[in-house]
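The values are calculated or read from the model by the stated rules, or taken from the named source; none is laboratory data. Everything numeric in this text was worked out from a predicted model, so none of it was measured. Because the Cβ atoms are built from the backbone with ideal geometry, glycine has one as well, and the counts that use them run over all protein chains shown.
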Ligand code: ADP
């Protein structure tokens, strides 16, 4: 069964054909949901340990979503139980003056994972064809060339042993309304709300058009986008854990061979 959508390179993404509410007819409290989530997490733990010990390949998880799309919650759940020594989150905010004085991939490249490591990008180089496009921060001729520049950058990473897993958390506009309202209703969530969120929400359609083009143009053989139905947080968390586990499984990290005979060593 198809639990999420892998964008096939060369096909045009239409987000209005994606159901952000999709959940396989499951219920949050179904035993199978707990079983699948726990099994995926356990597999991630085991494979991360191998990846770290092997020290040859790395995993980069690029996380993009509309505002309130659940990036922080996804990161919290996905990394739960992993060995913190081998994983890290890199968040990309409005570029600093120093960052703007360089090419758009400069700050990104500094944060890519070293061998053996898993890094999650909370926002990424894709902001440079999303918010930058919607707010016309650079001319179209500049952002349009970035699709190709991004593809070549990701190919370089792949050639050098970094698996690039790109996840788009897909929520509906109505779900965003509810999540913004929840931030207003709960004093402990007020800090998460900014009045600027409403002007961004007013540009929802522009953002969706920008996402559609980025997902279409930047789904390559080595780094296709995955579209995750994310209206239901428990379903999103389960699917993301399953995708990360499946990706690590494909990478097939192995514990390194040692060049001594452990059986022949006596510890006094
Ligand atoms: P988040 O929403 O990710 O939790 P913030 O509320 O600090 O964190 O938002 C980060 C902001 O940085 C977002 O509004 C995002 O659009 C902006 N941003 C990220 N990358 C860029 C970029 N390359 N150019 C302009 N703005 C960017």
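Check residue 230 against each of (1) within 17 Å of the chain's Cα centre (by Cα); (2) touching a residue at least 24 places away in the same chain (Cβ under 8 Å); (3) closer than 18 Å to residue 50 by Cβ and name the one condition it does not meet.
In the conditions (1) within 17 Å of the chain's Cα centre (by Cα); (2) touching a residue at least 24 places away in the same chain (Cβ under 8 Å); (3) closer than 18 Å to residue 50 by Cβ, residue 230 misses (3) alone.
List pairs: first in segment 127-143 and closer than 17 Å to residue 216 by Cα, second near the ligand (Cβ under 6 Å from one of its atoms) and in a helix (DSSP H, G or I), Cβ under 9 Å, 6+ apart or cross-chain?
Correct list of pairs: 143/128; 143/132.
Of all residues in segment 189-232, count the ones that are farther than 21 Å from residue 151 by Cα, surrounded by fewer than 22 Cβ atoms within 10 Å (Cβ to Cβ) and within 16 Å of the ligand (Cβ to nearest atom).
Summing the residues that are farther than 21 Å from residue 151 by Cα, surrounded by fewer than 22 Cβ atoms within 10 Å (Cβ to Cβ) and within 16 Å of the ligand (Cβ to nearest atom) in segment 189-232 gives 17.
Return yes when residue 116 is touching a residue at least 60 places away in the same chain (Cβ under 8 Å) and within 16 Å of the ligand (Cβ to nearest atom) and no when it is not.
It is false that residue 116 is touching a residue at least 60 places away in the same chain (Cβ under 8 Å) and within 16 Å of the ligand (Cβ to nearest atom).
From 26, 63, 100, grab the single residue that is modelled with pLDDT of 95 or more, surrounded by fewer than 18 Cβ atoms within 10 Å (Cβ to Cβ) and within 16 Å of the ligand (Cβ to nearest atom).
Unique residue meeting the criteria: 100.
Could you tell me which of the residues 215, 198, 184 is at pLDDT 95 or above, outside any loop (DSSP other than H, G, I, E, B) and closer than 30 Å to residue 58 by Cα?
Numbers: 198 fails: closer than 30 Å to residue 58 by Cα; 184 fails: closer than 30 Å to residue 58 by Cα.
Residue meeting the stated conditions: 215.
Within segment 84-97, can you find the residues that are part of a helix (DSSP H, G or I), under 19 Å from the mean Cα position of the chain (by Cα) and exposed (fewer than 14 other Cβ atoms within 10 Å of the Cβ)?
Taking segment 84-97 as the starting set, the residues that turn out to be part of a helix (DSSP H, G or I) are 84-86, 97.
Next cut, under 19 Å from the mean Cα position of the chain (by Cα) only: 84, 86.
The answer is 84, and nothing else.
Output the residue which, of all residues in segment 66-83 that are assigned to a loop (DSSP other than H, G, I, E, B) and more than 11 Å from the ligand (Cβ to nearest atom), is surrounded by the most Cβ atoms within 10 Å (Cβ to Cβ). Even if it seems obvious, please write down each step before you answer.
Applying the first criterion (assigned to a loop (DSSP other than H, G, I, E, B)) to segment 66-83 yields 66-70, 80-83.
In the following step, the residues that additionally are more than 11 Å from the ligand (Cβ to nearest atom) were identified as 80-83.
Numbers: 80: 12, 81: 12, 82: 17, 83: 13.
Result: 82.
Residue under question is residue 132, and the condition is that it be within 16 Å of the ligand (Cβ to nearest atom), closer than 30 Å to residue 177 by Cα and not in a helix (DSSP H, G or I); does it hold? Quick ask: steps written out before the conclusion?
Details: within 16 Å of the ligand (Cβ to nearest atom): yes; closer than 30 Å to residue 177 by Cα: yes; not in a helix (DSSP H, G or I): no.
Answer is no for this residue.
Please tell me if residue 138 is within 16 Å of the ligand (Cβ to nearest atom) and assigned to a helix (DSSP H, G or I). Break it down into steps so the answer makes sense when it comes.
Values: within 16 Å of the ligand (Cβ to nearest atom): yes; assigned to a helix (DSSP H, G or I): no.
Answer is no for this residue.
Looking at residue 125, is it within 30 Å of residue 205 (Cβ to Cβ), more than 15 Å from the ligand (Cβ to nearest atom) and within 16 Å of the chain's Cα centre (by Cα)?
On the way: within 30 Å of residue 205 (Cβ to Cβ): yes; more than 15 Å from the ligand (Cβ to nearest atom): no; within 16 Å of the chain's Cα centre (by Cα): yes.
Criteria not met by residue 125.
Being in a loop (DSSP other than H, G, I, E, B) and loosely packed, with under 10 Cβ neighbours inside 10 Å is the filter here; which residues of segment 256-266 pass it?
Residues satisfying the conditions are 257, 258, 259, 260, 261, 265, 266.
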